[in-house]
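The values are calculated or read from the model by the stated rules, or taken from the named source; none is laboratory data. Please read these numbers as outputs of a predicted model, since none were measured by experiment. FYI the Cβ positions are ideal-geometry reconstructions off the backbone, even for glycines, and counts take in every protein chain you see.
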Amino acid sequence: MPKVSVIIPTYNRADTVRRAIDSVLAQTMSDLECLVVDDASTDDTQAVLDEYDDSRLRTFRHDTNRGGNAARNTGLANADGEYVALLDSDDEWKPEKLEHQLDRLDAESDDWVAAYCDWEYDLDESGESWKRTVAALLDRFDRDYPTEGGAGDMVREILSDNLHTGAGSTLLVETAVARDVGGFDEDLDRFQDTEFALRVVKAGKLAHVAEPLMVRHDTGSPSAETYRDANEELLSKYDEEVAAIEADGRDIRGQRNLFVAKHFLAEGRPVGSLRHLRRASVDGHEVPGVLASAARGLNRRKRSVAIALTLVLAVTLGYTLTRGTDSA
């Protein structure tokens, strides 16, 4: 029985899946198996998988395309490890990733059932220098919310869009817990890893390893409308939790509206963003994120420069005025 079963769902990513698999097989912690679930790819994915001669690698293939959630669940059903770890086929791990997470969980009590880690973006492959500037800017802003713990804190921060665990490529969780909570919801189109993490933290405590042990590669993003619809779907599913948290003074829907607004800004669509900014909750920690999204949108659509800058300045000024009023 291996210590960890790594699950990699993939679909038509023959150009990236090798990188993901290699990063798993190169882990300093070698007591693992790597389960790659091909969700009926039509490219050369199977040929890439056939190149491997490593007993730790097991592959599965769906006859029809069923989605990433179903692929993860196929991996979970076949996992033999004490823990399961998740990795998207376009991302990769640093060699110490699993070792450091396991060390952290070994140092905690039994009610700590999962761990995630920080990550970094591969900025070199894009050639967009503005990303470096934005990343450096965001790194200067400290967060004051909990990054680990039990359901009380974690559900609130995840639903608020304060805490991004990157669970689809960072999460390590006890296999029994992953199965007990029901695996991944195959009815969700987006936020599968976020929603799964919400159920995991209800079953036990989540630890945070504050090291960038995963590298995320930019392979494209869904449209802002897709994020908008998925956001509403997530809020609807967790309506009772959202209502309880908002009754305690946290504006969950306002913060989720800000999340959607930033995606419209990043597409260079400030008018669409404004619809959500009007209902958004913005504080000082969010201003850099808004600026980053606007910068990305400006890079994509030069004609939106004046409008986007006006919106960003309005958000920033609105925060400044509110802060000044609160402190008066």
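Ile252 - would you say it is closer than 16 Å to Arg279 by Cβ and at pLDDT 80 or above?
Numbers: closer than 16 Å to Arg279 by Cβ: yes; at pLDDT 80 or above: yes.
Yes: the conditions hold for Ile252.
Out of all the residues in the stretch 160-169, is one or more hydroxyl-bearing (Ser, Thr, Tyr), in contact (Cβ under 8 Å) with a residue 40 or more places away in the chain, over 15 Å from Pro9 (Cβ atoms) and part of a loop (DSSP other than H, G, I, E, B)? If you could, list the steps in order and put the result at the bottom.
Narrowing the stretch 160-169 to residues hydroxyl-bearing (Ser, Thr, Tyr): 160, 165, 169.
Filter again for in contact (Cβ under 8 Å) with a residue 40 or more places away in the chain, leaving 160, 165, 169.
This time we only want the ones that are over 15 Å from Pro9 (Cβ atoms), so: 160, 165.
Add one more test, that the residue is part of a loop (DSSP other than H, G, I, E, B), and what stays is 160, 165.
Yes, the stretch 160-169 contains at least one residue that is hydroxyl-bearing (Ser, Thr, Tyr), in contact (Cβ under 8 Å) with a residue 40 or more places away in the chain, over 15 Å from Pro9 (Cβ atoms) and part of a loop (DSSP other than H, G, I, E, B).
Please work out which residue is surrounded by the most Cβ atoms within 10 Å (Cβ to Cβ), limiting yourself to the stretch 16-50 and to residues that are under 20 Å from Asn69 (Cα atoms) and in contact with an Asp or Glu (Cβ under 6 Å, 6 or more places away or on another chain).
Ranking the candidates gives Thr45 first.
Which residues, taken from the stretch 59-78, are closer than 13 Å to Gly182 by Cβ and surrounded by fewer than 17 Cβ atoms within 10 Å (Cβ to Cβ)?
Ala77
Could you tell me which of the residues Glu232, Glu195 is assigned to a helix (DSSP H, G or I) and free of Cβ contacts under 8 Å to residues at least 12 places away in the same chain? Steps first, answer last, please.
Details: Glu195 fails: free of Cβ contacts under 8 Å to residues at least 12 places away in the same chain.
The conditions single out Glu232.
Provide a single number: the residues in the stretch 1-15 that are crowded, with 22+ Cβ neighbours inside 10 Å and among the polar types (S, T, N, Q).
Of the residues in the stretch 1-15, 2 are crowded, with 22+ Cβ neighbours inside 10 Å and among the polar types (S, T, N, Q).
Applying the selection to the stretch 186-211, what residues are of a type in the set (A, V, I, L, M) and in contact with a helix residue (DSSP H, G or I) (Cβ under 8 Å, 6 or more places away or on another chain)?
Our first condition is that a residue be of a type in the set (A, V, I, L, M); within the stretch 186-211, this holds for 188, 197-198, 200-201, 203, 206-207, 209-210.
The answer is Leu188, Ala197, Leu198, Val200, Val201, Ala203, Leu206, Ala207, Val209.
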